[in-house]
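To start, the structure itself, in structure tokens.
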Amino acid sequence: MTDLMNSFEANDNPNIPKLQPGDNVKVHVRIVEGENERVQIFPGTIIRIRRGGNNACFTVRRIASHGIGVERTFLLRSPRVERVEVLRHSQVRRARLYFLRGLTGRKATLKEKR
């Protein structure tokens, strides 16, 4: 039975490194607009990671113009995610960083892991 379940599992995306909550990343995503395809960069902080086979995903939060927070969820095994650049690791003590939603400016920055 487990062999059957494993046969449906998608392959890991080799362009995604080991990620942790609190990492500052740049996610390069392939976007299709009509017949054109381009790569769009979504920079931000990882606020959660969900494991679990094909449903594994991570959520990235960034502050857009006028101080509006934007969150976007990416599948870890998706072929649409071209690559993920880890800019820095932050020191965090929890797995879900939802408290960042209520913070702005300097208070929303996390201490860098050294």
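Below is a table of values for the structure above.
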item	result
Residues of segment 58-92 satisfying the condition of being loosely packed, with under 15 Cβ neighbours inside 10 Å, of a type in the set (Val, Ile, Thr) and over 24 Å from Glu37 (Cβ atoms)	Ile68
Cβ-Cβ under 6 Å pairs, at least 6 apart or on other chains, segment 99-112 side of a type outside the set (Ser, Thr, Tyr), far side surrounded by 12 or more Cβ atoms within 10 Å (Cβ to Cβ) and in a loop (DSSP other than H, G, I, E, B)	Leu110/Gly22
Residue check for Leu87: in contact with a Cys (Cβ under 8 Å, 6 or more places away or on another chain), of a type in the set (A, V, I, L, M, F, W, C) and either modelled with pLDDT of 90 or more or on the phi > 0 side of the Ramachandran plot (or both)	no
Lone qualifier among Arg61, Arg30, Arg50 - being of a type in the set (D, E, K, R) and touching a Phe, Trp or Tyr at 6+ places or on another chain (Cβ under 8 Å)	Arg50
One residue from Ile46, Ile16 being among the aliphatic types (A, V, I, L, M), touching a residue at least 12 places away in the same chain (Cβ under 8 Å) and in a strand (DSSP E or B)	Ile46
Residue that is touching a helix residue (DSSP H, G or I) at 6+ places or on another chain (Cβ under 8 Å) and basic (Lys, Arg), where the choices are Arg38, Arg61	Arg61
Members of segment 67-86 found to be farther than 24 Å from Lys113 by Cα, touching a residue at least 60 places away in the same chain (Cβ under 8 Å) and among the hydrophobic types (A, V, I, L, M, F, W, C), listed by number	Val81
Single residue of Gly44, Gly22 found to be in contact with a His (Cβ under 9 Å, 6 or more places away or on another chain) and surrounded by 16 or more Cβ atoms within 10 Å (Cβ to Cβ)	Gly22
Test result for Ala64, of a type in the set (A, V, I, L, M), out of contact with any Cys (no Cβ under 6 Å at 6 or more places or on another chain) and in contact (Cβ under 8 Å) with a residue 24 or more places away in the chain	no
Flag for Asn6 being in contact with a strand residue (DSSP E or B) (Cβ under 6 Å, 6 or more places away or on another chain), polar (S, T, N, Q) and at pLDDT below 95	no
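The values are calculated or read from the model by the stated rules, or taken from the named source; none is laboratory data. From a predicted model like this one, the values you see are computed outputs, not experimental measurements. Virtual Cβ from ideal backbone geometry, glycine too; neighbours counted across all protein chains shown.
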